[in-house]
Amino acid sequence: MANTIKKTPFYKRHVDMGGRIVEFAGFYMPIQYKGVIKEVGAVRNRIGIFDVSHMGEIKIKGNDRDKFISYITTNDPLTLDEFQEQYSSMCYEDGGIVDDLLIYKLPDCFFLVVNAANTEKDYNWIVQNKKEDVTIENVSENTAQLAIQGPQVEKYLNGLFNEDISKINYYHSTITRFCGIEMLVSRTGYTGEDGFELYFDPKYALDVWDKLFEEIPELEPCGLAARDILRLEARYCLYGNDIDKTTNPIEAGLSWITKLDKDDFIGRTAILRLKENIKRKLAGFEMNDGIPRKGFEIYKDREKIGVVTSGGYSPTLKKGIGLGYIDVPHHKSGGVVDIKIGEKFKPGNIIKGAFYRRFYGGS
C-alpha cells in the first residue's frame, strides 16, 4: 500500500492564497505563490512567512538526557543554557551523517528539530541507540511550525506577543503567548536573515496564520523554492544534496559543530581517522555566465575533480551560485574551476563563506 501524503495544518490557507502545491518529503507543500523572485525579495528586504510544519520534532527526556544527547550528537549540547539552541549533526559509526538538526535545551527536555524526510529514520536511529535513563518521543504530529524571516521581522512582530521578543538573542528562545496561544518562539531560521520560528499546537494553526496576516498586511507567503534559494545564498547545507550518509562532517565543512575533544559520541573514532586523510571538501562557487545545477560535473584543466550538490540562480546576487565537493587542493577559495553545463565548460570562482550575509538581530 502506498504511503499517504500528509497535509500540514496550514494546507487550506496555502490553497486559499493560490499556492502552487507539490509533494515534498511526504507532504503537500506550496512550492511558490506569486513567484520565486518576489518571495526571495520579500525575505531579503522586508518580511516573509514559511510553513515548515513538515519538519520533524523529537523530545528527549529523563534523568540522563544530558549524557545521552551528547552521545548521539557531534556538537557539545552540555554547553547550552536553558532556552538556548545549537546547530549540530548526528553521525553513523563510520562517520557518515545521519542528519543535521537543531537542539533546543528546554527546562524538561531536549527538543530536536530534524529534516522532514528524515524524521522517521532519525527517530528510529535514536531509539536504536538508546542508553541510560531517557525517554524518546516523536512529537511531529503534535507540532505546527512557522518561520517568519526578514530584516524587518522584529519591527512587525514585536508587540504581538506577551513578551518583548526583541530581547530574544540569536539562537535563543522563550515560551510566550500570541493571541492567548502558548508557543515556543526562537530566533532562528534557514534564510540568512533575522527571523523567528514559532512552535505550537496544530489546532490553532489557521487562527495563528490569519491573525499574523491581519496584523501584518505586508507579510509575504513564501514557498519551498524561495526557501531553497535563500538557504543556498546563506550557504546552509541541505540534507540529501550537500550532506548525507556518504559524507562526513569534516569534508562537509562542519568541523565547527564536531567537537572531537568531548567525551565519546557515535562516529567520533571514524571521524578522527577520516580527518587525517580528507580527499575532497565542500566548496562554494559563483558564476557570471551559466547556472549550475545539482549533478553537474566540476573540472580543472578538463579533468573531472568534483560534482555540484546544490546550485541555482541567485536573485539577490544576480548570478549563478553553487556548492559542490571538489578534490583537494582544488577546493581552496580564490581558485577557478569549470562547471560542465551541457557540452560547454563555464568558469566558477571559488569563494570562502556564505554568498550572502547580513547582520542578525539579537546578540
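Within the range 1-15, one or more residues are at pLDDT below 95, surrounded by fewer than 20 Cβ atoms within 10 Å (Cβ to Cβ), of a type in the set (A, V, I, L, M) and not in a strand (DSSP E or B). Within the set Arg177, Arg227, the sole residue that is in a strand (DSSP E or B) and either surrounded by fewer than 22 Cβ atoms within 10 Å (Cβ to Cβ) or not aliphatic (A, V, I, L, M) (or both) turns out to be Arg177. Return yes or no: is Glu214 closer than 18 Å to Gly159 by Cα, crowded, with 23+ Cβ neighbours inside 10 Å, modelled with pLDDT of 95 or more and among the acidic types (Asp, Glu)? For Glu214, the condition - closer than 18 Å to Gly159 by Cα, crowded, with 23+ Cβ neighbours inside 10 Å, modelled with pLDDT of 95 or more and among the acidic types (Asp, Glu) - is not met. In this structure, Asp338 does not qualify as over 22 Å from the mean Cα position of the chain (by Cα) and assigned to a loop (DSSP other than H, G, I, E, B). Looking across Ile243, Ile291, one residue alone is surrounded by 15 or more Cβ atoms within 10 Å (Cβ to Cβ) and over 17 Å from the mean Cα position of the chain (by Cα). It is Ile291.
Condition (residue is closer than 23 Å to Pro9 by Cβ and free of Cβ contacts under 8 Å to residues at least 40 places away in the same chain) applied to the range 126-139: is it met by at least one residue? Within the range 126-139, not a single residue is closer than 23 Å to Pro9 by Cβ and free of Cβ contacts under 8 Å to residues at least 40 places away in the same chain.
For every residue, the table says whether it meets (1) surrounded by 14 or more Cβ atoms within 10 Å (Cβ to Cβ); (2) of a type in the set (Gly, Ala, Ser).
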{"site": "Asn248", "(1), (2)": "yes, no"}
{"site": "Ser255", "(1), (2)": "yes, yes"}
{"site": "Ile298", "(1), (2)": "yes, no"}
{"site": "Val308", "(1), (2)": "yes, no"}
{"site": "Lys332", "(1), (2)": "no, no"}
{"site": "Lys340", "(1), (2)": "yes, no"}
{"site": "Lys344", "(1), (2)": "no, no"}
{"site": "Gly348", "(1), (2)": "yes, yes"}
{"site": "Gly353", "(1), (2)": "no, yes"}
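Among the residues of the range 240-270, which ones are of a type in the set (Phe, Trp, Tyr) and in contact with a helix residue (DSSP H, G or I) (Cβ under 6 Å, 6 or more places away or on another chain)? Result: Phe265, single match.
Asn124 falls short of the stated requirement of being at pLDDT 95 or above, assigned to a loop (DSSP other than H, G, I, E, B), outside the structural domain of Ala147 (by TED's automatic domain parsing) and more than 19 Å from Thr258 (Cα to Cα).
The rows are residues; the columns are (1) aliphatic (A, V, I, L, M); (2) over 24 Å from Asp194 (Cβ atoms).
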| residue | (1), (2) |
| --- | --- |
| Glu218 | no, no |
| Cys222 | no, no |
| Asp228 | no, no |
| Ala234 | yes, no |
| Cys237 | no, no |
| Lys245 | no, yes |
| Ile250 | yes, yes |
| Lys262 | no, yes |
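Summed over the range 86-102, residues that are surrounded by fewer than 22 Cβ atoms within 10 Å (Cβ to Cβ) and either farther than 17 Å from Thr247 by Cα or not acidic (Asp, Glu) (or both) total 5.
Residues that are closer than 22 Å to Lys105 by Cα and in a loop (DSSP other than H, G, I, E, B): does the range 145-159 have at least one? No, that holds for no residue.
The conditions of being surrounded by 14 or more Cβ atoms within 10 Å (Cβ to Cβ), outside the structural domain of Ala42 (by TED's automatic domain parsing), assigned to a strand (DSSP E or B) and basic (Lys, Arg) are not met by Lys304. When Asn158 is tested against the conditions (1) without any contact (Cβ under 8 Å) to a residue 40 or more places away in the chain; (2) on the phi > 0 side of the Ramachandran plot; (3) of a type outside the set (A, V, I, L, M, F, W, C), the lone failure is (2). Within the range 16-59, restricting attention to residues that are over 20 Å from Ile229 (Cα atoms), surrounded by fewer than 16 Cβ atoms within 10 Å (Cβ to Cβ) and in contact (Cβ under 8 Å) with a residue 24 or more places away in the chain, the residue that is farthest from the chain's Cα centre (by Cα) is Met17.
Scanning the range 60-75 for residues that are of a type outside the set (Phe, Trp, Tyr) and buried (at least 19 other Cβ atoms within 10 Å of the Cβ) yields a total of 8.
Within the range 256-267, is even one residue without any contact (Cβ under 8 Å) to a residue 12 or more places away in the chain and either touching an Asp or Glu at 6+ places or on another chain (Cβ under 6 Å) or assigned to a helix (DSSP H, G or I) (or both)? Yes, the range 256-267 contains at least one residue that is without any contact (Cβ under 8 Å) to a residue 12 or more places away in the chain and either touching an Asp or Glu at 6+ places or on another chain (Cβ under 6 Å) or assigned to a helix (DSSP H, G or I) (or both).
The residues of the range 34-55 that are more than 22 Å from Val208 (Cα to Cα), assigned to a helix (DSSP H, G or I) and either among the small types (Gly, Ala, Ser) or not assigned by TED's automatic domain parsing to the domain that holds Leu212 (or both) amount to a single one, Gly41.
The values are calculated or read from the model by the stated rules, or taken from the named source; none is laboratory data. Just so it is clear, the model here is predicted, and its values are computed rather than measured. Cβ: placed from backbone, ideal geometry, glycine included. Neighbour counts: every protein chain shown.
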